[in-house]
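Each reported figure results from applying straightforward, stated rules to the coordinates on display, with no laboratory input. Nothing here was measured: the structure is a model prediction, and the numbers come from that model. Note that we place each Cβ from the backbone using ideal geometry, even for glycine, and neighbour counts take in every protein chain shown.
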Amino acid sequence: MRGRGFALIITFVFMTALAVMTMAIVSMVSSNTRSAGFQLDDAKALYLAQAGVDNILSDVRAGRPVAAVPAPIPLGDGTVEYVAVTRVSDTLTIDVRGKMPLDLPATGKEIKARLVAVYTDDGSGKFLACSSWKESYEQ
């Protein structure tokens with residue numbers, strides 16, 4: 001009779017330990033999944049900001065006039081917002097924001113990009129060569 005009671009206690013301890021390990025594994029997997037979602041939103045916001053910079057640069061290289069600050073452009077899951085685009089003599093400054101919306105599974109991210117390019121042109125305003133280029137990104 002005593003052996004059966006002892007087996008019940010051992011079984012209960014074993015099942016409790018198994019339940020604790022299962023909860024720890026589920027918690028770790030959930031945390032890693034959330035972290036991967038945040039990293040994905042960071043990468044998407046960065047690529048959106050870079051796409052905005054590339055869009056303005058293609059206009060400059062083609063000699064098209066640069067719009068002052070175009071409206072936000074939906075692109076993929078997020079938007080590209082132009083904060084400021086200035087062109088003073090031979091210096092082009094582009095401030096862009098790549099944004100992932102807050103209603104996505106992760107928490108919505110925003111990456112700001114700034115590009116300052118000093119270039120030469122043939123007098124028509126068309127981008128010929130770049131003598132200085134600086135990009136910076138921040139969250």
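Fully extended, how many nm does the chain gain between VAL88 and ASN32 (0.36 nm per residue separation, minus their Cα-Cα distance)?
Working: separation 56, 0.36 × 56 = 20.16 nm, distance 4.66 nm.
The VAL88-ASN32 span can extend by a further 15.5 nm.
Please list, in order along the range 39-50, the HN-Hα scalar couplings obtained from phi with the Karplus expression 6.51 cos²θ - 1.76 cosθ + 1.60 (θ = phi - 60°), rounded to whole Hz, x for Gly and Pro.
Calculated HN-Hα couplings, in order: 5, 5, 5, 4, 5, 4, 5, 4, 5, 5, 4, 5 Hz.
What ranking do 109-117, 85-93 get when scored by the average of other Cβ atoms within 10 Å per residue, highest first?
Ranked from most to least packed, the peptides come out as 109-117, 85-93.
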